[in-house]
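Asker: Have a look at this one before I ask anything.
The values are calculated or read from the model by the stated rules, or taken from the named source; none is laboratory data. In this text the structure is predicted, and so the values were computed from the model without any measurement. Here Cβ is always computed from backbone atoms with ideal geometry, including for glycine, and neighbour counts include all displayed protein chains. What goes into the accessible areas is simple: the full protein's heavy atoms, side chains included, and nothing from ligands, DNA or RNA. Shrake-Rupley method; radii C 1.70, N 1.55, O 1.52, S 1.80 Å.
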Amino acid sequence: MLEATLRNRVNDLLSASGRSNVPPFMVMDVMAAAERIEKAGGHVIHMEVGQPAASAPKSALIAAHRALDEGRIGYTSALGIPSLRERIARHYRDSYGCTVDAARIVVTTGSSGAFILAFLAMFEPGDRVAVTVPGYPPYRHILSALGCEPVLIETSSDTRHALTGEALLAAHRKAPLKGVLVGSPANPTGTMMSREALTALIAAAHDAGIRFISDEIYHGLDYAFPAVTAAELSADALVINSFSKYFCMTGWRVGWMVVPDALVRPIERLQQNLAISVPALSQIAAEAAFDGFEEMEAIKRGYVENRRILIEGLPKAGLRKFLPADGAFYLYADVSDFTSDSFDFAKKMLEEAHVAATPGVDFDPYHGRSFMRLSYARSADDMREAVGRIARWLG
Ligand SMILES: Cc1ncc(COP(=O)(O)O)c(C=O)c1O
C-alpha cells in the first residue's frame, strides 16, 4: 500500500506536462526506416528531408574558420551582432527595394527560435492564432506548447493554397482571432501568395485587429514569380526568415525577424532571458553568407532543373496530380488515385522502390492521407533516378 503510494508519487514527479504533449514528426519515422534500408546495403533516394544537400556558402565557412582562429567566441548582444543586423537591413534594400531600419531586426536561433519569441511577445495563453492547413506542423505545435490555441484554416488549390481575407474573417467571426501566420513559398505545398493576395490578407487582418506573422524562410527560392515580403507591405507585420534554406545553413541555427517597433524591446528582454544570444560563430558566418549570393544562385538553378525533371517526369511515371510548384523545394502530390493512406503508401514506396517521401499526415490532419510531399533539394541525378524508380514501381 505504502509502496503503491510512493510509486504514484514518483510517477507524478516524473510525468510530463500536458502542454509538452505535442505530436511527433512522422517524417522522422520515414528517415529511420530509410536508414535501416541503407544499413542493409540499399541505396535510398532521399526526397523526405526538407533541407538542402549543399553546404553553407564558402564565404560563411571562411569567416567561421577565421573567427575560430582569432580566438574567443563570446556572447553577443541579445538582438544580434550589430553589423549582421545592418547587413540584413541592407538585404531588404538590395533584394526587395524596401527600407527596413536595422533597429527592427532581431537575430534568432533559426526561424524556429523566432516563432517562440514572436508568439511569446504577441500572444497571451488562450489566444487563438490562425494557421493554414496543409502547413508546417511546428506552427501549431509551438503555439499549443505555449498555451495558445492554433486555429486550423483549410486552404484549397483554387487559391494556390493561399489563405484569403474572407476565410480569415469567417474564422474570426466564429471566435475572435488574435493572430494569423502564413508562409509563402509554403511548406509542404510549394505554392506562393501573389502580391495581391498577400496585400489583401494583411489588410483584412489589420482591419480586424488580427496580428500578422509572415514566415518567409523560403524566400530566394521562388520560381513562378518573385516572392513579396510582408515587410514592404506593413510595418506592423512581423516577418520571420532564416539562413537555413536559401543559404543552406540548417545546422548553423541562425535566422532573423523584422519586428514592429513596439515589440523590439519586449523581444530583446525575452531573448536575454531565454537564450542570452544566438551562437556568435553562426552569426559571424551568417553575415559573410551575404557575400555568397553567386554560389547560392547556382544552387538555386539546380533546384530549377530538379523541379523541371519532376514536373515533366512524374506525370509520365503515374503521379499526375500535384500543386503548382511555385517555390521552396517541395512538390505536394495527390496520391488518392493509389491509396487512402499516404503513410502506408510512402512506407511501401520506400521499402519497394527505395524512394523516401513524407506522407501528408504530418502537414494536414484532415486530408493528409491523400497527399505526399517530395523534396527536390538534392541532385538532378537523384531526381531522374527517383522518377525512374517511381515509374517502375507504379507501372
Ligand atoms: C516553413 C518552415 N518554417 C520554418 C522552418 C524552421 O527552419 P529553421 O528553424 O531551420 O530556420 C522550416 C523548416 O523546415 C520550415 O519548413
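Asker: Consider residue 3 carefully, then state whether it is within 30 Å of residue 268 (Cα to Cα) and of a type in the set (Asp, Glu).
Answerer: Taking the combined requirement at face value, the residue does not satisfy it.
Asker: Report whether or not residue 321 is away from the ligand (no atom under 14 Å from the Cβ), free of Cβ contacts under 8 Å to residues at least 40 places away in the same chain and open to solvent by 20 Å² or more (accessible area, probe 1.4 Å).
Answerer: yes
Asker: If you don't mind, another one. Check off (1) within 16 Å of the ligand (Cβ to nearest atom); (2) part of a loop (DSSP other than H, G, I, E, B); (3) not charged (D, E, K, R) for residue 228 and give me the number that stays unchecked.
Answerer: Answer for residue 228: the failing condition is (1).
Asker: Any residue that is among the hydroxyl-bearing types (Ser, Thr, Tyr) and in contact with a helix residue (DSSP H, G or I) (Cβ under 7 Å, 6 or more places away or on another chain) - is there at least one of those in the stretch 351-372?
Answerer: Checked against the condition, which is being among the hydroxyl-bearing types (Ser, Thr, Tyr) and in contact with a helix residue (DSSP H, G or I) (Cβ under 7 Å, 6 or more places away or on another chain), the stretch 351-372 yields at least one hit.
Asker: Which residues, taken from the stretch 354-388, are open to solvent by less than 10 Å² (accessible area, probe 1.4 Å) and over 17 Å from the mean Cα position of the chain (by Cα)?
Answerer: Scanning the stretch 354-388 gives 355, 356, 368, 383, 386.
Asker: Can you tell me which residue is most open to solvent (accessible area, probe 1.4 Å) among those in the stretch 43-96 that are without any contact (Cβ under 8 Å) to a residue 40 or more places away in the chain and in a loop (DSSP other than H, G, I, E, B)?
Answerer: 72
Asker: Within the set of pairs 6+ apart or on separate chains, which have a first residue in the stretch 111-139 that is open to solvent by less than 10 Å² (accessible area, probe 1.4 Å), a second that is part of a helix (DSSP H, G or I) and of a type in the set (A, V, I, L, M), and C-beta atoms under 7 Å apart?
Answerer: 115/142; 117/267; 117/270; 119/142; 119/143; 129/143; 130/168; 130/171
Asker: Looking at the structure I just gave you, is residue 191 more than 16 Å from the ligand (Cβ to nearest atom) and either part of a loop (DSSP other than H, G, I, E, B) or of a type in the set (Lys, Arg) (or both)?
Answerer: No.
Asker: Here is a check on your reading of the model: is residue 285 open to solvent by less than 10 Å² (accessible area, probe 1.4 Å) and over 17 Å from residue 92 (Cβ atoms)?
Answerer: Against the criterion (open to solvent by less than 10 Å² (accessible area, probe 1.4 Å) and over 17 Å from residue 92 (Cβ atoms)), residue 285 qualifies.
Asker: Would it be correct to say that residue 130 is within 15 Å of the ligand (Cβ to nearest atom) and under 17 Å from the mean Cα position of the chain (by Cα)?
Answerer: Against the criterion (within 15 Å of the ligand (Cβ to nearest atom) and under 17 Å from the mean Cα position of the chain (by Cα)), residue 130 does not qualify.
Asker: Can residue 100 be described as open to solvent by less than 20 Å² (accessible area, probe 1.4 Å), among the hydrophobic types (A, V, I, L, M, F, W, C), outside any helix (DSSP H, G or I) and away from the ligand (no atom under 16 Å from the Cβ)?
Answerer: yes
Asker: Here is a follow-up. Do we have any residue at all in the stretch 249-257 that's open to solvent by less than 10 Å² (accessible area, probe 1.4 Å), within 19 Å of residue 77 (Cα to Cα) and in a loop (DSSP other than H, G, I, E, B)?
Answerer: Checking the stretch 249-257: at least one residue is open to solvent by less than 10 Å² (accessible area, probe 1.4 Å), within 19 Å of residue 77 (Cα to Cα) and in a loop (DSSP other than H, G, I, E, B).
Asker: State the number of residues belonging to the stretch 1-42 that are of a type outside the set (D, E, K, R), surrounded by 10 or more Cβ atoms within 10 Å (Cβ to Cβ) and part of a helix (DSSP H, G or I).
Answerer: Residues flagged as of a type outside the set (D, E, K, R), surrounded by 10 or more Cβ atoms within 10 Å (Cβ to Cβ) and part of a helix (DSSP H, G or I) within the stretch 1-42 amount to 11.
Asker: Which one is nearest to residue 119 (Cα to Cα), of the residues in the stretch 185-212 that are open to solvent by less than 20 Å² (accessible area, probe 1.4 Å) and either charged (D, E, K, R) or in contact with a helix residue (DSSP H, G or I) (Cβ under 6 Å, 6 or more places away or on another chain) (or both)?
Answerer: The selected residue is 212.
Asker: Okay, moving on. All but one of (1) buried (at least 17 other Cβ atoms within 10 Å of the Cβ); (2) part of a loop (DSSP other than H, G, I, E, B); (3) among the β-branched types (Val, Ile, Thr); (4) over 22 Å from the mean Cα position of the chain (by Cα) hold for residue 276, so report the exception by its number.
Answerer: Exception for residue 276: condition (1).
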